[in-house]
Amino acid sequence: MAKRRMKIPKSTQTVIKVFVILFVCLIAFVGFHYYRRYALQQEAIREAQEAKRDAEIKRIKQRKAFIKKIGPIAQKVDKSYSLLPSITIAQACLESNYGQSQLAQKYNNLFGVKGTNPNTSAVMSTKEYTNGKWVTVKARFQIYDSYEAAIRAHARLFEQGTSWNKDQYKDVLAAKTYKQQAKALVTDSYATDPSYATKLINLIEQYNLSKYDK
């Protein structure tokens, strides 16, 4: 004898159908919002990456434009001295942040040269490496009327030395390669930053600045 199937009341069937529909709608709703949030996150990441890439491209273009501007000047000026243009250019890039520092933009001071005459210098804040750490100090810096004037003064400094030692930069002038000159700048106490030479060498090789030495 066949078993009789239990008949589910229509009202119960309706409740079950409604529950299933609501459950499916809930799953779809949650899935949609999850997908939407994921899509928005991915879009935000993509936009951030594009903005970072665009900023980097702009930064590189600005740096190359600065090098292109001062490269021929250093090449022209340094040929009269025992300095390699690649060193001068790398120093200008490093010390003026590729011409973006306040000193460079306002006063054409590419090398952070100090001044004493109030008529030809200005007081500004700067960072110096002292006792193993960087500190911010106020100092008076020289004003130049052009990049070329700053580069010429920079070259004369190495040739004439300091007021207390005319042979201050003898090792720099005796060096024949950009690596030797970069290291001699630290040896002759031009810079207080212990990694100064490495930074110059990296800049020269990154932007192929040695082409200006030919």
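The values are calculated or read from the model by the stated rules, or taken from the named source; none is laboratory data. Given the structure is predicted, the values throughout are model-derived calculations rather than measurements. Don't worry about glycine lacking a Cβ; one is built from the backbone with ideal geometry, like all the others, and counts go over all protein chains shown.
Would you call Ala155 at pLDDT below 90, within 23 Å of Asp213 (Cβ to Cβ), within 26 Å of the chain's Cα centre (by Cα) and not basic (Lys, Arg)? Talk me through it step by step, then tell me what you get.
On the way: at pLDDT below 90: no; within 23 Å of Asp213 (Cβ to Cβ): yes; within 26 Å of the chain's Cα centre (by Cα): yes; not basic (Lys, Arg): yes.
Here the answer is no, as Ala155 does not meet what is asked.
Among what's in the range 161-179 and is out of contact with any Asp or Glu (no Cβ under 8 Å at 6 or more places or on another chain) and either of a type in the set (Lys, Arg) or in a loop (DSSP other than H, G, I, E, B) (or both), pick the residue that is surrounded by the most Cβ atoms within 10 Å (Cβ to Cβ). Show your work before the answer.
Pass one, the range 161-179, residues out of contact with any Asp or Glu (no Cβ under 8 Å at 6 or more places or on another chain): 162-167, 174-177, 179.
Within this subset, residues satisfying the condition of being either of a type in the set (Lys, Arg) or in a loop (DSSP other than H, G, I, E, B) (or both) are 163-164, 166-167, 175-177, 179.
Working: Ser163: 7, Trp164: 6, Lys166: 11, Asp167: 10, Ala175: 22, Lys176: 9, Thr177: 13, Lys179: 16.
Going through the qualifying residues, I end up with Ala175.
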Restricting the search to the range 73-89, which residues are touching a Phe, Trp or Tyr at 6+ places or on another chain (Cβ under 8 Å) and in a helix (DSSP H, G or I)? Ile73, Ala74, Gln75, Pro85, Ser86, Ile87, Ile89
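Pick from Ile73, Ile8, Ile60: which is out of contact with any Asp or Glu (no Cβ under 8 Å at 6 or more places or on another chain), of a type in the set (Val, Ile, Thr) and modelled with pLDDT of 80 or more?
Working: Ile73 fails: out of contact with any Asp or Glu (no Cβ under 8 Å at 6 or more places or on another chain); Ile8 fails: modelled with pLDDT of 80 or more.
Testing whether each residue is out of contact with any Asp or Glu (no Cβ under 8 Å at 6 or more places or on another chain), of a type in the set (Val, Ile, Thr) and modelled with pLDDT of 80 or more leaves just Ile60.
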Name every residue in the range 42-77 that is within 19 Å of the chain's Cα centre (by Cα), farther than 17 Å from Arg152 by Cα and among the charged types (D, E, K, R), in order of residue number. Glu50, Lys52, Arg53, Asp54, Glu56, Lys58, Arg59, Lys61, Arg63, Lys64, Lys68
Conditions: (1) in contact with a Ser or Thr (Cβ under 9 Å, 6 or more places away or on another chain); (2) farther than 18 Å from Pro72 by Cβ; (3) hydrophobic (A, V, I, L, M, F, W, C); (4) part of a helix (DSSP H, G or I). Ala184 meets all but one. Number of the miss? (1)
Provide a single number: the residues in the range 200-209 that are in a loop (DSSP other than H, G, I, E, B) and either crowded, with 16+ Cβ neighbours inside 10 Å or aromatic (Phe, Trp, Tyr) (or both). 1
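Can you find a residue that is part of a loop (DSSP other than H, G, I, E, B) and more than 22 Å from Ser195 (Cβ to Cβ) anywhere in the range 123-143? Don't jump to the end; show me each part of the working.
Of all residues in the range 123-143, those part of a loop (DSSP other than H, G, I, E, B) come to 131-132, 143.
Remaining after also requiring more than 22 Å from Ser195 (Cβ to Cβ): 143.
Yes, some residue in the range 123-143 is part of a loop (DSSP other than H, G, I, E, B) and more than 22 Å from Ser195 (Cβ to Cβ).
Scan the range 180-199 residue by residue and report those that are of a type in the set (D, E, K, R) and either in contact with a helix residue (DSSP H, G or I) (Cβ under 6 Å, 6 or more places away or on another chain) or exposed (fewer than 11 other Cβ atoms within 10 Å of the Cβ) (or both).
Lys183, Asp188, Lys199
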Failed item, numbered, when Lys79 is tested on (1) buried (at least 21 other Cβ atoms within 10 Å of the Cβ); (2) free of Cβ contacts under 8 Å to residues at least 12 places away in the same chain: (1)
Test Phe158 against the stated conditions and say whether it is touching a residue at least 12 places away in the same chain (Cβ under 8 Å), surrounded by 11 or more Cβ atoms within 10 Å (Cβ to Cβ) and in a strand (DSSP E or B). no
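Does Tyr98 satisfy the condition of being out of contact with any Pro (no Cβ under 9 Å at 6 or more places or on another chain) and aromatic (Phe, Trp, Tyr)? Give the derivation first.
On the way: out of contact with any Pro (no Cβ under 9 Å at 6 or more places or on another chain): yes; aromatic (Phe, Trp, Tyr): yes.
Here the answer is yes, as Tyr98 does meet what is asked.
Right, Asn109: more than 17 Å from Tyr212 (Cβ to Cβ) and modelled with pLDDT of 95 or more or not? Even if it seems obvious, please write down each step before you answer.
Numbers: more than 17 Å from Tyr212 (Cβ to Cβ): yes; modelled with pLDDT of 95 or more: yes.
It is true that Asn109 is more than 17 Å from Tyr212 (Cβ to Cβ) and modelled with pLDDT of 95 or more.
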Does Phe29 qualify as being in contact with a helix residue (DSSP H, G or I) (Cβ under 8 Å, 6 or more places away or on another chain) and at negative phi? no
